[in-house]
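Q: My structure is below; once you've seen it, I'll send some questions.
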């Protein structure tokens, strides 16, 4: 079941307390397309400059990633430079050069229009709305955003939220948008906008799922000894989430079963954990479905507990 992703493709320079790498593949759409292609075909919509390395195009073409919607224009590819703290959950943006991305407007190729699953990666809300206008028949739409859009384009972001099925936000973003100290209260406010689900990303602690029907699910993160680079982990989460859903059929009402949504969240956490194991898409390049299966089984073991907790006095 094809998945449409619209987002950024970039060249990143990343500093950690231990090393620095220059001009590696980055951007939300890059991480998503690479990770989700392990499950099914990905239809990519993005823009790059004439300086974009051919090796990445060749890599995607060797996988089920459709590049018909990738615009290649004369000029520089979007570049981002960031520095991580010793706490890898915190980072600083040092430089952003938009390049050809400054004039990007997503145009959905005709062959993409029947994609049932849509991921609106972290781009300007007005661009996300342009995509929704072209994908009116999508079965499931998932939205990602960030603090910048919450602070600078809140009205436009709100209109996008009202038109999608699932929203991804970090705890900090939920608090910023809703102005509520309680995540539960904030999520309830978000659900009132018409969302089916809100997924709260908690980084190295996992993710929380909240549903309009009262569903609540806490999915633990996979415990990692070494975190090399968490860049793109949130985008890989979305890839695991939608990637898994691309392999299952919805019900007769075209809605996915709650249990499948829960499994999808676990797949999201798993994909995010693999992304952190190397810079850029390094670990995703060699990832197999057997790797995912093994990690899924490990998470089941470490998070399962006996519901029969009452002790019987003898």
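Q: With a ≥ b ≥ c the root eigenvalues of the C-alpha gyration tensor of segment 182-258, is it rounded (a/c under 1.5), prolate (a/b larger than b/c) or oblate?
A: Verdict is oblate for segment 182-258.
Q: A follow-up question, please. According to the square roots a ≥ b ≥ c of the eigenvalues of the Cα gyration tensor, what is the shape class of segment 71-220, taking rounded for a/c under 1.5, prolate for a/b larger than b/c otherwise, and oblate for the remainder? Don't jump to the answer; show the numbers that get you there.
A: On the way: a/c = 1.90, a/b = 1.16, b/c = 1.64.
Because a/c hits 1.5 or more and a/b fails to exceed b/c, segment 71-220 counts as oblate.
Q: Still on this structure, please answer the following. If we sort 25-33, 114-122, 281-289 on the protection proxy, mean other Cβ atoms within 10 Å, highest first, what's the order?
A: My ranking of the peptides, most packed first, is 25-33, 114-122, 281-289.
Q: Full extension from residue 162 to residue 289: what is 0.36 nm times the residue separation minus their Cα-Cα distance, to one decimal in nm?
A: Residue separation times 0.36 nm, minus the Cα-Cα distance, leaves 42.3 nm.
Q: Just the number, please: percent antiparallel of the DSSP beta bridges in segment 77-198, rounded to the nearest 5.
A: Roughly 40 percent of the DSSP beta bridges within segment 77-198 come out antiparallel.
Q: Okay, next question. Between 220, 17, 64, which gets the highest mean-square fluctuation from a Gaussian network model of the chain, Cα cutoff 10 Å?
A: The residue with the greatest mean-square fluctuation here is 17.
Q: From the Cα gyration tensor of segment 144-204, with a ≥ b ≥ c the square roots of its eigenvalues, which class applies: rounded if a/c is under 1.5, or else prolate if a/b is larger than b/c, or else oblate? Don't skip to the end; give the middle numbers.
A: On the way: a/c = 1.35, a/b = 1.11, b/c = 1.22.
Note, shape of segment 144-204 comes out rounded.
Q: How far, in degrees from 0 to 90, does helix 233-245 lean away from the longest principal axis of the Cα atoms of the chain, to the nearest 10?
A: With rounding to tens, the tilt is 70 degrees.
Q: What is the antiparallel percent of DSSP beta bridges lying wholly in segment 3-303, to the nearest 5?
A: Percent antiparallel among DSSP bridges in segment 3-303 is about 40.
Q: Now a separate question. Which one is right for this structure if log10 I(q)/I(0) by the Debye sum over Cα atoms at q = 0.07, 0.09, 0.14, 0.15 Å⁻¹ is calculated from it: (1) -0.26, -0.43, -1.09, -1.27; (2) -0.41, -0.61, -1.14, -1.24; (3) -0.45, -0.73, -1.33, -1.38?
A: Label (1) holds the value from this structure.
Q: Further, regarding this structure: Is it possible to state the helix-based mean residue ellipticity at 222 nm for the chain, with each DSSP H run of 4+ residues giving -39500 (n - 2.57), the sum divided by total residues, to the nearest 500 deg cm²/dmol? What is it?
A: Numbers: 10 runs with 104 residues, N = 314.
Only helices count here, giving -10000 deg cm²/dmol.
Q: Taking 7 Å along the Cα-to-C-beta vector as the label spot, tell me the residue 308-residue 51 distance in nanometres, rounded to one decimal.
A: 6.6 nm
Q: Order 149-156, 34-41 from most to least packed using the mean count of other Cβ atoms within 10 Å.
A: Packing proxy ranking, top to bottom: 34-41, 149-156.
Only the coordinates and a few stated rules stand behind these numbers; no lab work does. Being a predicted model, the structure only gives us computed values, none of them experimental. For neighbour counting, all protein chains shown are included, and Cβ atoms are generated from backbone atoms with ideal geometry for every residue, glycine included.
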